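The structure appears right after this line, and notes come after that.
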Amino acid sequence: MAYKYSKGWFLAQLKAKGITKHPAERRKLESYKTYVVRKLYEELIESDSKSSSL
């Protein structure tokens, strides 16, 4: 188990949602720095909250 809010934690959360590659560049998420993975996670959470509020 990864520490909460570490790169490994963000990767686990994204993989649980079915995202294994970067949406634009189509490379493995593991090859990106933490801040890129964190931004993808935040976008996922934001889009989930917008779709659930409709």
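Any read-out appearing in this document is the output of simple, stated calculations on the displayed coordinates, not a laboratory observation. All values derive from a computational prediction rather than experimental measurement. Here the Cβ positions follow ideal geometry from the backbone for every residue, glycine too, while neighbour counts run over all protein chains shown.
Descriptive notes on the structure:
- Cβ-based net charge around K15, under 12 Å, with every Lys or Arg adding one and every Asp or Glu removing one: +2
- Under Karplus coefficients 6.51, -1.76 and 1.60, residue-wise ³J(HN,Hα) of segment 17-31 in Hz, glycine/proline x: 8, x, 9, 10, 10, 5, x, 8, 8, 6, 9, 4, 5, 4, 7
- Hull-based mean projected area of the chain, where the convex hull spans the alpha carbons, in square nanometres: 4.0
- Here the 3J(HN,Hα) profile of segment 37-47, calculated from phi with Karplus coefficients 6.51, -1.76 and 1.60 at θ = phi - 60°, is 5, 4, 5, 4, 4, 5, 5, 5, 5, 5, 5 Hz, Gly and Pro shown as x.
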